[in-house]
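This report concerns only the one structure given below.
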Amino acid sequence: MSARLWLWVERAQATLPLLAVASLAGFSWWLVQSSPHDSGPSAPRRASSAPDYELHSARVVRVDPQGRLEAVLDGQVMRHYPDTDRLLIDQVVLTARDAQGQGLRAVAREGEADQRAEVVTLRGGAKVVATPPLVGDADTAVGGKGLRGGPVRFAGEGLRIDTLGRTVTSELPVRITQDHSQIDAQSLRYTEQTGVTELGGRVRGHYLAAGKP
């Protein structure tokens with residue numbers, strides 16, 4: 001073998017380790033690029049804005065710890081939305097009563113409520129009839145019975161009922177009627193336990209004493 005051939009062989013042997021290292025580095029780079037990338041914790045899945053169930057001719061009933069009926073919520077159709085955990089209701093009817101016998105009944109074309117009917121929002125032709133509390137001392141009233149005014153009626157396009165706090169509120173125009181009185185206001189807060197009605201905005205109305213035209 002000639003000296004030139006030996007020289008070529010020695011150079012080739014000296015180059016092999018470098019080629020092996022370069023090949024290994026190239027393979028490692030390809031492997032990293034081909035592997036799935038970890039982009040950190042995945043973003044939480046957004047709750048669906050579509051209803052997860054729908055009930056027809058449905059009813060929600062709430063009772064107190066003693067088993068006494070507190071509220072009944074009926075609807076032609078009830079849809080539950082998981083993103084807000086709320087019920088949207090068509091043709092809603094709400095009936096609620098406390099231990100003292102004060103009660104209310106409400107109807108509307110649409111409603112929204114939690115699943116225990118604690119807070120119910122009425123929209124579209126909303127009407128509420130509330131039974132006011134007794135007035136005066138039951139022992140001194142005529143016939144030994146407490147006196148109470150006639151039912152208080154509220155009508156508007158948007159009413160909100162807190163069946164636990166026993167309040168009716170509205171930020172939209174509302175009409176209130178009781179016995180011979182009728183009042184229109186821009187906002188309302190009625191507390192059933194005390195019978196106090198707070199009116200806001202422009203208030204107009206009239207009052208007629210019982211027995212007079």
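Quick note: the coordinates plus some simple rules give every number you see, no bench work behind them. Remember, predicted model here, so these are calculated numbers, not experimental data. Neighbour counts are summed over all protein chains in view; Cβ atoms, including those assigned to glycine, are modelled from backbone coordinates with ideal geometry.
Grab the other residues whose beta carbon is less than 10 angstrom from that of V174, score K and R as +1, D and E as -1, and report the net. Summing Lys and Arg as +1 and Asp and Glu as -1 gives -2. Please give the residues of segment 152-196, grouped as numeric ranges, whose backbone N is less than 17 Å from a label point set 7 Å along the Cα-to-Cβ vector of R68. Zone members listed by number: 163-167, 192-194.
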